[in-house]
Amino acid sequence: MEIFEEILAKLEIMEEACKVDASIVEDLDGLIKFCEDKEQEWVSNEEIEARDAFQLFHATRNSRLILNKMKKRFITSGEMHDNPKVVSDAIRILPAIRDICEILSSISEKYVTPEILSFLSKKLRNLRNLASQVSMLPSLEEEISGLDKRKLRSRFNRIITNLQAKYIEMQGLG
Amino acid sequence: MVDTNVLIAASTYMFSRDLSIELKHKFFDQAMSLIGLLKKHLAKRIGITTPTIEDEAYYNLEEAVREEVDKITDRKVDFVLFSTILNSCENRLKEVLSYLLREPVDQHQVNQNYLKVANMYEALTRKARALPTPKKYATIRKKSVSPGLRTAAFDAFLITHKNRNAQLFHLLSKPVEESDKIILAEAIYLFNLYKQTYGKGVTFLISSMDHHFSPIRKSGFESRPVTDAILNNFGIMCDWPYQVEQTLKSYLK
């Protein structure tokens with residue numbers, strides 16, 4: 001994952017110069033493309049069980065959403081007076097995305113173990129917490145825009161039914 | 001202290017509102033109502049959680065989604081939908097957790113408490129095993145009733161025995177999990193710490209919908225041998241969100 005080292009080096013120069021180098025957008029596009037390809041891989045690779053593939057997909061998708069948010073901030077940094085804050089925010093976030101991408105790259109050829117998935121889940125939570133602190137986490141509206149709301153509600157209802165069955169089986173409230 | 005399941009119920013309730021879905025079971029309302037009360041009295045710092053509870057809540061939320069993912073047929077569509085749901089529920093869970101005080105715990109002391117907790121559940125499980133089955137109990141007891149009433153008496157004895165001991169029978173059908181024992185051990189540690197800090201008048205409650213903590217109330221019966229054992233051994237009161245909310249309100253008057 002040399003690309004991360006290159007981007008981080010570039011960001012450090014930008015931070016020192018207090019100026020955004022527009023070429024960063026192209027670098028981020030490269031990372032976004034990497035994530036998109038990986039997402040596609042987890043969707044189509046039927047050899048990996050759905051629940052495991054989903055976790056890999058979920059981590060990749062979140063990394064991509066955060067990178068997209070970062071890219072938008074770089075694009076609008078001039079007009080939004082977000083410079084050099086966006087640079088220091090990106091320096092905080094990118095190592096956490098690199099951690100996730102390294103895990104995702106390493107497991108593509110291997111058996112996916114519960115330990116790796118649990119490790120990945122913790123890394124993802126850390127990334128989302130960091131992204132939330134520096135306003136790089138997509139809002140609910142951004143997340144659900146373009147999705148079929150009817151299907152979203154139907155899938156959520158399934159989870160609710162599952163939780164109800166699990167937690168409320170015998171308690172006979174009121 | 002707010003248990004994992006209450007946190008999950010409140011966060012899923014909040015997301016259901018985002019999607020304009022009305023949840024039918026009143027438990028979700030009651031979990032949310034308790035969280036609302038804790039939020040209202042945030043400055044009093046009466047709602048607490050621990051790192052174990054937080055980790056469990058995130059894990060259980062993920063697991064609930066994964067269990068549904070196991071059943072999907074169209075990965076392309078469903079992965080995005082379930083990923084969105086998981087993110088949104090986790091965001092809400094994070095918000096709920098922000099209304100609670102996250103207490104650090106001393107692992108050494110928690111480990112010592114864990115042994116006491118494990119012994120208590122072991123003793124309760126032995127007690128549960130020694131109980132006659134409801135059918136056996138009713139068969140013996142009906143003999144003390146006049147012959148004409150035995151059929152009705154059998155049913156009454158069966159239901160009474162089953163419901164009164166429901167919490168013990170539950171221990172056999174669903175043994176207590178390690179995480180539950182750790183959470184109770186952490187609660188004992190915090191309760192002892194609070195007593196040392198704030199004096200012996202401190203009351204410690206656990207709000208949970210887990211029968212390994214809270215009573216089972218069904219068909220007019222209440223089964224609470226496990227809840228009572230926790231109260232008698234450790235001085236901690238466990239109950240459902242609604243009951244805990246009512247207790248808290250009486251203290252906050």
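The values are calculated or read from the model by the stated rules, or taken from the named source; none is laboratory data. Because the structure is predicted, anything quoted here is derived from the model rather than measured. Backbone-built Cβ (ideal geometry, glycine too); neighbour counts: all protein chains shown.
Evaluate the following for A:SER77: is it farther than 18 Å from A:LYS123 by Cβ and touching a helix residue (DSSP H, G or I) at 6+ places or on another chain (Cβ under 6 Å)?
Working: farther than 18 Å from A:LYS123 by Cβ: yes; touching a helix residue (DSSP H, G or I) at 6+ places or on another chain (Cβ under 6 Å): yes.
Criteria met by A:SER77.
Only residues that are free of Cβ contacts under 8 Å to residues at least 60 places away in the same chain and under 11 Å from the mean Cα position of the chain (by Cα) were counted across segment A:101-128, and they come to 2.
Could we say that B:ILE140 is surrounded by fewer than 21 Cβ atoms within 10 Å (Cβ to Cβ), touching a residue at least 24 places away in the same chain (Cβ under 8 Å), among the hydrophobic types (A, V, I, L, M, F, W, C) and farther than 30 Å from A:SER118 by Cβ here?
On the way: surrounded by fewer than 21 Cβ atoms within 10 Å (Cβ to Cβ): yes; touching a residue at least 24 places away in the same chain (Cβ under 8 Å): no; among the hydrophobic types (A, V, I, L, M, F, W, C): yes; farther than 30 Å from A:SER118 by Cβ: yes.
Here the answer is no, as B:ILE140 does not meet what is asked.
When segment A:68-84 is filtered for residues that are assigned to a helix (DSSP H, G or I), more than 11 Å from A:MET136 (Cα to Cα) and touching a residue at least 40 places away in the same chain (Cβ under 8 Å), the ones remaining, listed by number, are A:PHE74, A:ILE75. Considered as a group, the residues in segment A:45-67 that are over 8 Å from the mean Cα position of the chain (by Cα) and assigned to a helix (DSSP H, G or I) include one that is farthest from A:SER121 (Cα to Cα), and that residue is A:ALA50. Which of the residues that make up segment B:33-63 are among the hydrophobic types (A, V, I, L, M, F, W, C) and crowded, with 22+ Cβ neighbours inside 10 Å? Answer for segment B:33-63, where residues must be among the hydrophobic types (A, V, I, L, M, F, W, C) and crowded, with 22+ Cβ neighbours inside 10 Å: B:LEU34, B:ILE35, B:LEU38, B:ILE53, B:ALA57, B:LEU61.
Taking the condition over 25 Å from A:GLN133 (Cβ atoms), at pLDDT 95 or above, surrounded by fewer than 22 Cβ atoms within 10 Å (Cβ to Cβ) and within 13 Å of another protein chain (Cβ to nearest Cβ), does A:GLU41 pass? Here the answer is no, as A:GLU41 does not meet what is asked.
Yes/no matrix, rows are residues, columns are (1) of a type outside the set (A, V, I, L, M); (2) surrounded by 19 or more Cβ atoms within 10 Å (Cβ to Cβ):
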{"site": "B:ASN91", "(1), (2)": "yes, yes"}
{"site": "B:TYR99", "(1), (2)": "yes, no"}
{"site": "B:ASP106", "(1), (2)": "yes, no"}
{"site": "B:ASN111", "(1), (2)": "yes, no"}
{"site": "B:VAL117", "(1), (2)": "no, yes"}
{"site": "B:ALA123", "(1), (2)": "no, no"}
{"site": "B:LYS127", "(1), (2)": "yes, no"}
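When A:ARG73, A:ARG153 are checked against the criterion of being closer than 22 Å to B:SER11 by Cβ and either surrounded by fewer than 18 Cβ atoms within 10 Å (Cβ to Cβ) or more than 9 Å from chain B (Cβ to nearest Cβ) (or both), a single residue qualifies: A:ARG153.
Considering the conditions (1) more than 24 Å from A:SER121 (Cβ to Cβ); (2) in a loop (DSSP other than H, G, I, E, B), B:VAL105 is excluded by exactly one of them, (1).
Sub-6 Å Cβ pairs linking a first residue in segment B:236-253 that is over 10 Å from B:LEU34 (Cβ atoms) and within 14 Å of chain A (Cβ to nearest Cβ) to a second residue that is β-branched (Val, Ile, Thr) and in a strand (DSSP E or B), at least 6 apart or interchain, are B:CYS238/B:ILE206, ordered by first then second residue.
Restricting attention to segment B:68-89 and to residues that are at the interface with another protein chain (Cβ under 7 Å from one of its Cβ atoms) and touching a residue at least 60 places away in the same chain (Cβ under 8 Å), the residue that is surrounded by the most Cβ atoms within 10 Å (Cβ to Cβ) turns out to be B:ILE85. When segment A:124-143 is filtered for residues that are at the interface with chain B (Cβ under 10 Å from one of its Cβ atoms) and either more than 23 Å from B:TYR59 (Cα to Cα) or assigned to a loop (DSSP other than H, G, I, E, B) (or both), the ones remaining, listed by number, are A:LEU137, A:PRO138, A:SER139, A:GLU141. The set of residues from segment B:213-239 being of a type in the set (Phe, Trp, Tyr) and modelled with pLDDT under 95 comprises just one member, B:PHE221. Restricting the first member to segment B:117-136 and to residues that are within 15 Å of B:GLU178 (Cα to Cα), and the second to residues that are basic (Lys, Arg), the beta-carbon pairs closer than 8 Å and six or more apart or on different chains are B:VAL117/B:LYS181; B:ALA118/B:LYS181; B:TYR121/B:LYS181. Restricting attention to segment B:1-28 and to residues that are under 26 Å from B:SER179 (Cα atoms), of a type outside the set (Ser, Thr, Tyr) and more than 10 Å from chain A (Cβ to nearest Cβ), the residue that is surrounded by the fewest Cβ atoms within 10 Å (Cβ to Cβ) turns out to be B:MET14.
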